[in-house]
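These notes are about the structure you will find just below.
The values are calculated or read from the model by the stated rules, or taken from the named source; none is laboratory data. Everything quoted here is computed from the prediction, not taken from an experiment. Here the Cβ positions follow ideal geometry from the backbone for every residue, glycine too, while neighbour counts run over all protein chains shown. Surface areas here come from the heavy atoms of the whole protein model, side chains and all, with no ligands, DNA or RNA. Shrake-Rupley method; radii C 1.70, N 1.55, O 1.52, S 1.80 Å.
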Amino acid sequence: MAACVRTGGAYRMNWQKRLMDVFFTSLLVVILGPVMIYLCVYILFKQGRPIFYASERMKTPQQSFRLWKFRTMTVVADDKGVTGGHKTQRITPTGAWLRSKRLDEFPQLWNLLKGDLSFVGPRPPLREYVDRYPELYAQVLKSRPGVTGLATLRFHRHEEKLLSRCTNDDEADAIYTQVCIPRKGRLDLIYQKHQSICYDFDLVFETIGNLFRSRNHPKKRRN
C-alpha cells in the first residue's frame, strides 16, 4: 500500500504525511473552532491576559518557530528550561483544568496548518537543549516535530514523575539533560527508523486512547 511506504526519517515530509496533517487539521479546526472561541473568552474572564502562551521551539537545528498553547501559568520575565515541581505553584486554577483535559494544546492546530508540526514526530525541543546537544538533535530533527510520538507515549509519564520531584531550576535541568533527553532521543530515533503513514496512524490512535483513559484518571502535566 503506497501510504505505508517508509520515509526513512527525512525531514522533508512525503506528500502523504503532509496531506494527512492538512486534512485532519482542517477538519479539527472546523469541529473545534467554536470550542476554541469559547475557551478564549473563558480564559480571558477567569485569568485575564495574555490568553495564549508562545514558546520558542526548534523545527530544525537551525530553524525555530513559535509553539502556541493556551496560557496555564502566571507570567514571569525570566522563565526558562523545563517545568518541574519548582514551577507547579505558578499553574493557575484555570490552567490546571485546561491541562487536565489537554485543552491547552488546541492552539497547536495553527502550528500544524503552518507545517511547523506534524501530528506524529519528536516533541519540538527548546533552543538551549539543541545548542547543548547538537549531535543528537541533528539526527532527531531530521523528522518533523510532532504533537505526539513514540517518545511521548512511552516516556512522558515517567518524565513527569521525575521532574515533579525537582525543587529548583538546576535540579530540573540536571534530571532533564542526564535522563530525559537521552531516553527520548533513543525513542525518537527508533520512530524515525520505522516511520510510515500506517505507523503514524497507530500512534495517533494510541494517543487518543490514552486521552480517554486520562479523563478517568486525571494526572498533572507539564509544559
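Sort 155-163, 121-129 by packing, meaning the average of other beta carbons within 10 Å per residue, with the highest value first. Spell out each step's value before the answer.
On the way: 155-163: 16.6, 121-129: 20.3.
Highest to lowest by the protection proxy: 121-129, 155-163.
Taking N as the number of residues in the range 72-141, what is its alpha-carbon radius of gyration divided by 2.2 N^0.38 Å?
On the way: Rg = 14.6 Å, N = 70, 2.2 N^0.38 = 11.1 Å.
Cα Rg divided by the expected 2.2 N^0.38 Å: 1.32.
Looking at F45, Y129, G149, which one has the Cα that reaches farthest to the positive end of the dipole of the range 1-156 (charges on Cβ: Lys, Arg +1; Asp, Glu -1)?
Value: G149.
Suppose all protein chains stay in the model; what accessible area per residue would a 1.4 Å probe give for the range 80-160, in Å²? Walk me through the numbers before you get to the answer.
Details: 3170 Å² over 81 residues.
Accessible area per residue: 39 Å².
Plugging the Kirkwood radius over Cα pairs into Stokes-Einstein for the chain, at a temperature of 37 °C and a viscosity of 0.692 mPa s, what D comes out in µm²/s?
Values: Rh = 18.1 Å.
Calculated translational D: 181 µm²/s.
Name the most mobile residue of A174, A77, A151, meaning the one with the largest mean-square fluctuation, in a Gaussian network model of the chain with Cα contacts below 10 Å.
A77
What FRET efficiency do you get for R213 and R165 if R0 is 25 Å and r is their Cβ-Cβ distance, rounded to the nearest 0.05?
On the way: r = 24 Å, r/R0 = 0.95.
In this case the efficiency is close to 0.60.
For the chain, with a Gaussian network of springs between Cα atoms less than 10 Å apart, report the residue from D202, D173, D188 with the top mean-square fluctuation.
Among D202, D173, D188, the largest GNM mean-square fluctuation belongs to D202.
With +1 assigned to the C-beta of every Lys and Arg and -1 to the C-beta of every Asp and Glu, and no other charges, what is the dipole magnitude of the chain about the Cα centre in debye, to the nearest 20? Write out the running numbers ahead of the final one.
Working: 37 positive and 20 negative charges, 87 e Å.
That gives a dipole near 420 debye.
So which helices of the chain fit the span-like rule, where a helix is a whole DSSP H run, its Cα atoms reach 18 Å or more along the axis, and its mean Kyte-Doolittle is at least -1.0? The partial results should precede the final answer.
On the way: long enough: 15-47 (42 Å, 1.28); 150-164 (21 Å, -0.53); 181-194 (20 Å, -0.98); 197-216 (29 Å, 0.10).
Helices meeting the criterion: 15-47, 150-164, 181-194, 197-216.
Whole Å is fine, so just give me how far the alpha carbon centre of the range 104-171 lies from that of the range 20-40.
What the calculation gives is 22 Å, centre to centre.
Between L27 and Y199, what is the label-to-label distance in nm when each label sits 7 Å out along the Cα-to-Cβ direction?
2.3 nm
Quick one: length gained pulling Q63 to I190 fully straight, 0.36 nm per residue minus the C-alpha distance? Please list the in-between numbers first.
On the way: separation 127, 0.36 × 127 = 45.72 nm, distance 2.31 nm.
In short, 43.4 nm is gained.
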